[in-house]
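Structure first, then comments.
No value in this document is a laboratory result; all are computed from the given coordinates. The structure presented is a predicted model; accordingly, all values stated were derived computationally and were not measured. A quick note on method: Cβ atoms are made from the backbone with ideal geometry, for glycine too, and the neighbour counts reach across all protein chains shown.
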Amino acid sequence: MPLRFQEFTKTYSKVAAAYEQLAGECHRLGPLNERERALVKLGIAAGSNMEGSVHSQVRKGLDIGMQHDEIRHAIILSMTAIGFPKMMAALTWAEDILTDPSK
């Protein structure tokens with residue numbers, strides 16, 4: 001877990017708890033299973049061009065047992081929707097975590 005996130009949850013514990021509750025409700029709302037939700041959120045993170053979000057979603061994917069090639073494939077699929085440069089950026093960010101999960 002990134003240090004900045006740990007500091008945030010310690011300093012703003014009520015906000016962090018409310019955020020986690022909201023996320024949980026969103027996850028329980030529909031028919032997608034955990035793996036499908038993780039892939040969707042990884043695609044959204046890549047499309048949003050947000051490095052921290054891609055890092056987070058890759059970590060979560062690994063935590064639920066996703067394979068490295070599945071994560072890479074999901075990001076490569078984004079190429080025709082978000083463009084080659086953004087896909088390459090997301091793939092680079094994913095590799096940050098895939099090559100060193102302690103980041």
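Rounded to the nearest 20, the size of the Cβ-charge dipole of the chain about its Cα centre is 240 debye, with Lys and Arg at +1 and Asp and Glu at -1. When the charge dipole of the chain is built from unit charges on Cβ atoms (+1 for Lys and Arg, -1 for Asp and Glu) and taken about the Cα centre, the candidate among ALA38, ILE71, PHE84 whose Cα reaches farthest toward its positive end is ALA38.
Annotation for PHE5 and GLU34: the two label points, set 7 Å from Cα along the Cα-Cβ direction, are 1.6 nm apart.
Just checking the listed ones, ARG72, ARG37, ARG28: in the Gaussian network model of the chain with Cα springs under 10 Å, the one fluctuating most is ARG28.
Mean separation of Cα pairs under 8 Å and 6 or more residues apart, divided by the residue count, gives the chain a relative contact order of 26 percent.
For the chain, how big is Rg over Rh, using alpha carbon atoms and the Kirkwood form of Rh? Kindly include the intermediate steps, with their values, before the conclusion.
Values: Rg = 14.1 Å, Rh = 14.4 Å.
Across the chain, the Cα-based Rg/Rh ratio is 0.98.
When shorter helices are ignored and each DSSP H run of at least 4 residues is given -39500 (n - 2.57), the per-residue value for the chain at 222 nm works out to -25500 deg cm²/dmol.
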